[in-house]
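The values are calculated or read from the model by the stated rules, or taken from the named source; none is laboratory data. Values in this document were obtained by computation on a predicted structure and should not be read as measured data. Cβ placement follows ideal geometry from the backbone for every residue including glycine, while neighbour counts extend to all protein chains displayed. When the accessible area is computed, the model is the full protein with side chains, heavy atoms only, and any ligands, DNA or RNA have been set aside. Shrake-Rupley method; radii C 1.70, N 1.55, O 1.52, S 1.80 Å.
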Amino acid sequence: MAEDKHIDTQVRAQLVELLRGGFAPNVILLREFHYDKAGIMLPGLHFSGWVLLGHMQARQHTLLQFMKDPEKNLEIWPDAHWPQNHTPQSAEEWNTAIDAFERELEEMVQLVQDPSIDLFKVYPNGKTLSWAAMTALHHNGYHTGQLKTVGRQVGVW
């Protein structure tokens, strides 16, 4: 029984670390990205930094809603949201979007850390809360890598 508790604690800690981005912290990288470069679309790409943030935020929001109330939010993979507006209108809009992303990410972290929540219960859609957390960390990590690449090309880093 003690071993099960240890495994549960380890899994939760690892999920939290990776949700926050592991070796490439999502929110820190977003905050380093200059808002005046967030609207630049490089040749051959269909997204800017602003579009990536909007896409990440929308998917994370959907997964968080499932985690908060899995019985009522079974639709976890709707069509991808890609914002039509490619440029934030101000530094305030950029920072507000990052703040919202961070708030929802931390809400997801709080759910993962709560030992009273069963991360492995299978819901009617065949998914678990651990699946939702891993999907969020994978999705955010994938697009954070794209953001980092775009940022290097436009002179952020």
- Message: Regarding the stretch 71-78, can at least one residue be identified that is exposed (fewer than 12 other Cβ atoms within 10 Å of the Cβ) and among the aromatic types (Phe, Trp, Tyr)?
- Response: no
- Which is under 17 Å from GLY141 (Cα atoms) and among the polar types (S, T, N, Q), of THR62, THR87? THR62
- Message: Residues that are without any contact (Cβ under 8 Å) to a residue 60 or more places away in the chain and either farther than 20 Å from LEU42 by Cβ or among the β-branched types (Val, Ile, Thr) (or both): does the stretch 139-148 have at least one?
- Response: no
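Of the residues that make up the stretch 111-129, is at least one touching a Gly at 6+ places or on another chain (Cβ under 6 Å), open to solvent by 20 Å² or more (accessible area, probe 1.4 Å) and either at pLDDT 95 or above or not polar (S, T, N, Q) (or both)? Don't jump to the end; show me each part of the working.
First, the residues of the stretch 111-129 that are touching a Gly at 6+ places or on another chain (Cβ under 6 Å): none.
Looking for residues that are touching a Gly at 6+ places or on another chain (Cβ under 6 Å), open to solvent by 20 Å² or more (accessible area, probe 1.4 Å) and either at pLDDT 95 or above or not polar (S, T, N, Q) (or both), one finds none in the stretch 111-129, hence no.
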- Counting only residues in the stretch 58-74 that are among the hydrophobic types (A, V, I, L, M, F, W, C) and within 16 Å of GLY126 (Cα to Cα), the one nearest to the chain's Cα centre (by Cα) is identified as LEU63
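Restricting attention to the stretch 1-35, and to residues there that are charged (D, E, K, R) and in contact (Cβ under 8 Å) with a residue 12 or more places away in the chain, which single residue is least open to solvent (accessible area, probe 1.4 Å)? Please lay out each step first, then the result.
Within the stretch 1-35, the first condition is being charged (D, E, K, R), and the residues that meet it are 3-5, 8, 12, 17, 20, 31-32.
In the following step, the residues that additionally are in contact (Cβ under 8 Å) with a residue 12 or more places away in the chain were identified as 8, 12, 20, 31-32.
Numbers: ASP8: 48, ARG12: 17, ARG20: 95, ARG31: 104, GLU32: 81 Å².
Per the stated criteria, the residue is ARG12.
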- Breaking point among (1) in contact with a Gly (Cβ under 9 Å, 6 or more places away or on another chain); (2) open to solvent by less than 10 Å² (accessible area, probe 1.4 Å), for HIS81: (2)
- Message: Just checking, does the stretch 40-60 include any residue being closer than 18 Å to GLU104 by Cα, part of a loop (DSSP other than H, G, I, E, B) and not hydroxyl-bearing (Ser, Thr, Tyr)?
- Response: no
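Can you spot a residue in the stretch 79-102 that is within 27 Å of ASP8 (Cβ to Cβ), assigned to a helix (DSSP H, G or I) and at pLDDT 95 or above? It would help to see each step written out before you state the result.
In the first step, residues of the stretch 79-102 are kept if they are within 27 Å of ASP8 (Cβ to Cβ); the result is 102.
Cutting the leftovers down to assigned to a helix (DSSP H, G or I) gives us 102.
Checking the rest, the ones that are also at pLDDT 95 or above come to 102.
Scanning the stretch 79-102 turns up at least one residue that is within 27 Å of ASP8 (Cβ to Cβ), assigned to a helix (DSSP H, G or I) and at pLDDT 95 or above.
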- Does LYS68 qualify as being basic (Lys, Arg) and without any contact (Cβ under 8 Å) to a residue 40 or more places away in the chain? no
- Task: Filter the stretch 103-121 down to the residues that are among the aliphatic types (A, V, I, L, M) and not in a loop (DSSP other than H, G, I, E, B), then identify the one that is nearest to ASP8 (Cα to Cα).
- Result: VAL112
